[in-house]
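Enquirer: Let me begin by handing over the structure; questions about it come next.
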Amino acid sequence: MLRYALAPRWWVTHCIVAAVFLGCLKLGLWQLEVAQGVPAGTTWDVRNTFYASQWVFFACFGLWFWGRFLRDQRVADTAADEAYAAWASQQEAAQPDNLNG
């Protein structure tokens, strides 16, 4: 799986997923700072704290989704390769042995 995931065709998408992941984490940290920035003498803002946890959840969900997509794509590519190999062997078997007569 690692060799498949590190193929050059996925590099750009890996960079996009990493940027979105880091962006979601950054937004979660920002939201946590907003939650802590309440006036003195009060407790944390619970709503902003939950928003911060949602951003972390979104980041983790994005990574999970990308991993599932890669796994499913690898399975589909393997099935397509096997189907092509079966078709090619059928075509080879259907060819006459001596084409010169």
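Computed from the coordinates by the stated procedures, all read-outs in this text should not be read as laboratory data. Values in this document were obtained by computation on a predicted structure and should not be read as measured data.
Enquirer: If you line up the long axis of helix 11-36 against the longest principal axis of the chain, both from Cα atoms, how many degrees apart are they, to the nearest 10?
Expert: 20 degrees
Enquirer: By how many nm would the segment from Trp87 to Glu33 grow when fully extended, if each residue of separation counts as 0.36 nm and the alpha-carbon distance is taken off?
Expert: Extra length available between Trp87 and Glu33 comes to 13.5 nm.
Enquirer: Also, quick follow-up: So how long is each side of the chain along the principal axes, counting just the alpha-carbon atoms, biggest first, in Å?
Expert: Computed over the chain, the largest-to-smallest principal extents equal 98, 20, 14 Å.
Enquirer: Over the chain, what is the relative contact order in percent, taking alpha-carbon pairs closer than 8 angstrom and at least six residues apart?
Expert: 28 percent
Enquirer: Now for a different question. With a cut-off of 8 Å between alpha carbons and a minimum separation of six or more residues, what is the relative contact order of segment 12-71 in percent?
Expert: 41 percent
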